[in-house]
Amino acid sequence: MIEAIPTQFIIIFVGLLAVMAFVGLNAIVLVYLERKVAGFIHRRPGPYEVGPPCFPHGILQPFADGLKLVGKQLFTPRGADSILFWLAPMISIAPAIVCFIVIPFGPHLQIVNTNVGLVLILAFTGINVLALCLAGWASQNKYGLIGAARDISQGVAYEIPLLLVVLSVVFMTGTFNLFDIADGQGAWPWQWYIFYQPLAFIIFFICALAETNRNPFDLPEAESELTAGFHTEYSGMGFACFFLAEYAYMVVASCIIAILFLGGFQGPVLPGGWWFLAKVYVLLLIMIWIRWTFPRVRFDQLLNICWKWLIPLAVLNLLITLAVIAI
Amino acid sequence: MENLEYERLAWALLYGHIAIIVIGGFITVLSQNLVRALVGLIMTLFGVAGLFFLMAAPFIALMQILIYVGAVSVLIFFAIMLTSAWPGGDESGTISVRKIIFAGLAAIAPAIFLGMAAILKPPPSFLIPDEIEVGILGRFFLEDFILPFELISLLLTVAMAGAVVLAFEMRRKK
Amino acid sequence: MNLDLRLDTSGDFYARKFQPTKREDTLILNMGPQHPSTHGVLRIILEIDGEYILRAEPVLGYIHRMHEKMAEVMSYPQYLPNPARTDYLHGLAWNWAHVAAVERLMGLEVPERAEYIRVITCELNRITSHLLWWGAYLLDLGAFTPIMYAFDDRERIQDILQRITGSRLTYCYYRFGGVSNDIDDRFIEETRKQCSRMKPRFKMFKDLVTDNFILRKRVEEIGEIPADTCRKYGATGPVLRGSGVPYDVRRAEPYSVYDRFDFNIPSYDTCDAMGRYLVRMDEMQESIKIIEQALDTLPEGDYIMPKAPKKPKPPAGDVYFALEGARGKIGFHLVSDGDKSPYRLKLRAPGFSNLSLFSEVSEGVLIADAVSILGSLDLVIP
Amino acid sequence: MSEENAKPEKAPDKEKEVKKKEEPQVPKYTGYDYDCFLAPQELLKAVTKLDHADFFLEDVSCVDMQEGFQVVYHFDRFSQPGRVVLRVMISRENPEIPSIYDIFPGAAWHERECFDFFGVRFTGHPNLIPLLLDPEHQGPPPLLKEETALKDLNQLYPDRVHTPVSPDSEEFVKEINNCSNQKSRNQS
């Protein structure tokens, strides 16, 4: 019976495991990175003393965080819809893992090479919105509800310029295949699409921040307004799932930006995987940097930025791209 | 031989997806809670997307997820949150037998039609269906079927405008 | 599961008193008493329509400690540590208000050096208060970093004050007729160093934060309080000066030695949160100006009256003493019957009057703006 | 006291009088530029006048004494600083006083505070519910004094005129228009 299972399924299964490990590892690194970078920006050392002295610079901090989250009591608030309440964090994290399957981490490091990779990522990242609003709604908390409402309008609005910008790149390359898109760019920075599509890069980056609910667009969980927004009522692993998902989507967004605009695994001298990782982490660092620097925008401003600026600009960018291609 | 194994797997997957669709459908219909019903609907939509995958149409499957799960059901969710519908509302209450019969008939009727169509004019079946390229699909829409395609978009625009008008009207009444 | 959160008839006394209006699609939201942006235990009941606030009603009293009653059962010296607790950020001003009210009632002549010391320490305390406000306000607006920068300076000032006053937050430094401790050269040197350190910092704060595009969008034209509304509600301090009225008790009814210093009273007639923000930023610089002048002209002499009464028994009568705290006008209404404890003491907390504006100003604004307005009022809930 | 009609008596300027007498038992500094007693029914009229003269409400406080409650209103002015204090005596048995909410909405909370701590009822107040106290608070208001501890007006405010002034009187109008801290409030 085992030989009946096609090799591709085995690859996918092993790949999924690898991806989960990758997501977990990334989360660990990012938690540490976020704390340390925040500390650097705040001019303080950040986590410093966790565990015995053989682990300097608080390097065990993410593990301590994880342990704390795992050890916490799972708590379902009274009146909450318990099934949906606990389904939501899972819905949030699962699609994030699926997204990693089609990402080409290197010239030979891709689990599934499909022609519709880009669409797959766009489709599965869209599910996160649903998870967040389910969480907000099911927790029977007014802050959660407002957070969910904010998340929907934000997620739906920013998906539009995002798709338009992706379309411009797709029109340039003529494919949805992530590997081909990355492969189409040269090894040197001036051969990357960021030089052909600078506006698209900026729009995509802003939209990615908004879609991943990162500051300055972290309105669904704006803690000074809505305590914690949609995850107000979550404790322990429920919260950890959202937390993991947020980091996972950050990584996905960075991967996509790296592939679409920064040449993916392309780069001189070093092997592709390292280039890809370096690009992704530079983007992640920029995201963290932005988070600790800017105040939060207001909700109507957030939507105004999208509808009045990003969408027209994205359309304009698309038209210019089309014109250039047609010529 | 290998094809046969594939086919067995395909059947298993097919029934699995059908089960997902049916269960999702029942959740949608029978759930007292609108949001749970919506979750059932999403489950159904995922099942349908899986069927598209099985038919080697991953693009359409992903579009199904992107548009229906990612956009339409989110909008439905928004609508549910905006309207104050709760289990004590006018939708709840005991259901009369007549209603159940009518509902059953309404559910069976399309099934009979589709089933008859499938039996009378069975579509050609392939062991391993071909994947159609996205480009061909696009050309299909924009060349052969341009008129229906555009009409659908017109319909959607009209529906959207209508929804906005209705919403404004309701607001004015208050 | 009840989706209709509006028909939530449970709730406490205040929620029941806060009747929803006749509109159907509104939501009653409790902000606080434990909420990140209310800084302490303020609670605001909001009626919201989507993201817009229809009505807001602050509920307070969660940590009201009845200082007025305490004053009636304590003797004057026993009550000395209390006033600073009413405003933990600008404790020295309250401490000052208390001792000054008693001094006025008794007609005590405070030595000049003591007055200078009071001015210097009180202004230092004002800077720490404004710095904390600055950091916390930006935290409300979602910027995490500035509070760390603010605390950097604040901690240094607190170190300076700690050596002299013995405490870091709830000071009890002033005594009837002077201060408890003389300042020394080290204090003067450290204060001068801190003053010169802070001047370029303000420029950095401006470049880094005040000129930030997103911040400006969040505070400009938000929470406009016309000067007349301030008058009707008795709002004072930066709230009033942010509405274009250059009223400062230090200038209007000069107490202590403030009339000898040259300082401006910043005021902005934009009336919005930005105006209040800028007033406070400018005020810190003015405070530094005052401190430097005071250090330059610090007279020699006693730091406390030679015959300062240990157990004052002011004559019968009443006195109203007002001074300018970081949050506005602090008032002490002291009624004495000639005994060793006050007959009646009424504290006028500036935050009390300033907060009562909130329900009027926050009508029809977004929740995010309400947070911004609430922050810009700079409240310490007594 | 509260029932007495206001006599438009020519009250001598208290501050000057204090200075003349040089009595050691009387505080030299009060912080007030104009200090007057009012009859409860004339409070609103006086407050309206203060409103027109651009005063702002600093504080509403209350003092419990033998004659009853003395509700004290402090007013000050931004443009030409000078503190005016209005004192209104009301009886202990029926502690009612008109609310000045309609003129100074900022008084709402001060009045609620007085209601909390003394049980003074402000008629016409839109929302006279506990502000600082626990709404389930049992027993007498916390700031009421015991019978034995009460002092009377002469003990608390020696050498002051306790006769109500009419807000229509020339003196009142003159004082509120001219009062400024230049006269008596050199605080330092």
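Some values worked out for this structure:
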{"item": "Accessible area of the range B:133-174 belonging to carbon and sulfur atoms, whole % at 1.4 Å probe", "result": "75 percent"}
{"item": "Charge context of A:PRO107, other residues only, Cβ under 15 angstrom, K/R +1, D/E -1", "result": "-1"}
{"item": "Nonlocal amide H pairs with D:VAL165, under 5 Å, H built at 1.01 Å", "result": "D:PHE37, D:LEU38, D:ALA39"}
{"item": "Residues losing 20 Å² or more accessible surface upon assembly, the range D:40-77, compared with the chain by itself, 1.4 Å", "result": "D:ASP51, D:ASP54, D:PHE56, D:LEU57, D:GLU58, D:ASP59, D:SER61, D:VAL63, D:HIS74"}
{"item": "Selection of trypsin sites (Lys or Arg not before Pro), the range C:22-120, meeting DSSP coil and at most 14 other Cβ within 10 Å", "result": "C:LYS22, C:ARG23, C:ARG65"}
{"item": "Percentage relative contact order, chain C, counting C-alpha pairs under 8 Å, at least six apart", "result": "24 percent"}
{"item": "For the range B:133-174, accessible area per residue (1.4 Å probe, heavy atoms of protein chains only), Å²", "result": "93 Å²"}
{"item": "Prolate/oblate/rounded call for the range D:31-177, Cα gyration tensor, a/c under 1.5 rounded", "result": "oblate"}
{"item": "Accessible-area composition of the range A:76-326, carbon plus sulfur, in percent [1.4 Å probe]", "result": "74 percent"}
{"item": "Within the range A:65-132, trypsin sites (Lys or Arg not before Pro) in DSSP loop having at most 13 other beta-carbon neighbours inside 10 Å", "result": "A:ARG78"}
{"item": "Using θ = phi - 60° and Karplus 6.51 cos²θ - 1.76 cosθ + 1.60, couplings along the range A:126-132 (whole Hz; Gly, Pro as x)", "result": "x, 5, 4, 3, 4, 4, 5"}
{"item": "Lys/Arg +1, Asp/Glu -1 at C-beta; the protein assembly as shown dipole; positive extreme among A:ALA96, A:LEU145, C:MET70", "result": "C:MET70"}
{"item": "Sequence-distant residues sharing a close amide H with C:ASP269 (under 5 Å, placed H)", "result": "none"}
{"item": "Per residue accessible area of the range C:275-341, 1.4 Å probe, in Å²", "result": "32 Å²"}
{"item": "Accessible area buried between chains C and A, both sides summed, probe 1.4 Å, in Å² to nearest 100", "result": "3100 Å²"}
{"item": "Buried accessible area, chains C and D (both chains, 1.4 Å probe, Å² to nearest 100)", "result": "4800 Å²"}
{"item": "Local electrostatic count at C:HIS98 - Lys and Arg +1, Asp and Glu -1, tallied over other residues with Cβ under 13 Å", "result": "+3"}
{"item": "Counting DSSP beta bridges with both ends in the range D:31-177, the antiparallel % (nearest 5)", "result": "65 percent"}
{"item": "For the range C:314-359, the spread of Cα positions along each principal axis, largest first, Å", "result": "40, 19, 13"}
{"item": "For chain C: rounded, prolate or oblate by the Cα gyration tensor [a/c cutoff 1.5]", "result": "oblate"}
{"item": "1.4 Å probe, heavy atoms, protein only - residues of the range C:299-340 losing at least 40 Å² accessible area vs chain alone", "result": "C:PRO315, C:ALA316, C:ASP318, C:TYR320, C:HIS333, C:ASP337"}
{"item": "Inter-label distance for B:LEU166 and C:PHE202, nm, one decimal - labels placed 7 Å from Cα along Cα-to-Cβ", "result": "6.0 nm"}
{"item": "Estimated FRET transfer efficiency (C:GLU220, A:PHE63; beta-carbon r; R0 41 Å; 0.05)", "result": "0.40"}
{"item": "1.4 Å probe accessible area per residue over the range D:47-152, in Å²", "result": "33 Å²"}
{"item": "Pairs from C:LYS69/D:LYS45; C:LYS310/C:LYS346; C:LYS340/D:LYS151 whose Cα-Cα separation, in the structure shown, is over 25 Å", "result": "C:LYS69/D:LYS45"}
{"item": "Percent carbon-and-sulfur accessible area, the range D:31-177, ignoring ligands, DNA and RNA, probe 1.4 Å", "result": "48 percent"}
{"item": "Computed label-point distance, nm, for sites C:ASP185 and A:VAL50 using a 7 Å Cα→Cβ extension", "result": "4.9 nm"}
{"item": "Tilt relative to chain C, helix C:146-165 - C-alpha long axis, 0 to 90 degrees, to 10", "result": "30 degrees"}
{"item": "Backbone HN-Hα couplings from phi across the range A:27-38 [Karplus 6.51/-1.76/1.60, Hz, Gly and Pro as x]", "result": "4, 4, 5, 5, 4, 5, 4, 4, 5, 6, 5, 4"}
{"item": "Whole-Å semi-axes of the ellipsoid equivalent to the range A:212-327 (Cα gyration tensor, √5λ, descending)", "result": "30, 24, 12"}
{"item": "Total accessible surface hidden between A and B, rounded to 100 Å², 1.4 Å probe", "result": "2400 Å²"}
{"item": "Extent along principal axes [Cα atoms of the protein assembly as shown; Å; largest to smallest]", "result": "122, 75, 57"}
{"item": "C:ASP159-D:ASN154 FRET efficiency (beta carbon distance; Förster radius 56 Å; 0.05 resolution)", "result": "0.60"}
{"item": "Spin-label pair C:ILE63/B:ILE146, simplified geometry with 7 Å Cα→Cβ offset, distance in nm", "result": "7.1 nm"}
{"item": "Highest-fluctuation residue, A:ILE256, A:ILE127, A:ILE286 considered, GNM on chain A with Cα pairs under 10 Å", "result": "A:ILE286"}
{"item": "For D:ARG83, residues with placed amide H under 5 Å, excluding near neighbours", "result": "D:ASP33, D:TYR34"}
{"item": "Relative contact order %, the range C:73-195, counting alpha carbon pairs below 8 Å whose residues are six or more apart", "result": "31 percent"}
{"item": "Part-to-part distance (alpha-carbon centres) for the range A:137-179 and the range A:292-327, which is given in Å", "result": "13 Å"}
{"item": "Coil-residue trypsin sites (Lys or Arg not before Pro) of the range C:212-317, DSSP, other Cβ within 10 Å capped at 15", "result": "C:LYS307, C:LYS310"}
{"item": "Too-long pairs where the Cα-Cα distance tops 25 Å, listed order kept, from C:LYS203/C:LYS289; C:LYS289/C:LYS329; C:LYS193/C:LYS289; D:LYS49/D:LYS145", "result": "D:LYS49/D:LYS145"}
{"item": "Sequence-separation-based contact order of chain A, relative, with Cα cut under 8 Å and 6+ spacing, percent", "result": "23 percent"}
{"item": "Sum of side-chain charges, C:SER167 neighbourhood, beta-carbon under 13 Å (Lys, Arg +1; Asp, Glu -1)", "result": "+2"}
{"item": "Backbone HN-Hα couplings from phi across the range B:38-46 [Karplus 6.51/-1.76/1.60, Hz, Gly and Pro as x]", "result": "5, 4, x, 4, 4, 4, 4, 5, 5"}
{"item": "Within a Gaussian network of chain C (alpha carbon springs, distance under 10 Å), most fluctuating of C:ASP228, C:ASP369, C:ASP207", "result": "C:ASP207"}
{"item": "Among C:MET284, C:MET66, C:MET31: highest mean-square fluctuation, GNM of chain C, C-alpha pairs under 10 Å", "result": "C:MET66"}
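The values are calculated or read from the model by the stated rules, or taken from the named source; none is laboratory data. Quick caveat: nothing in here was measured; it's all calculated off a predicted structure. Backbone-built Cβ (ideal geometry, glycine too); neighbour counts: all protein chains shown. Note: accessible area is taken over every heavy atom of the protein model, side chains too, but ligands, DNA and RNA are not part of it. Shrake-Rupley method; radii C 1.70, N 1.55, O 1.52, S 1.80 Å.
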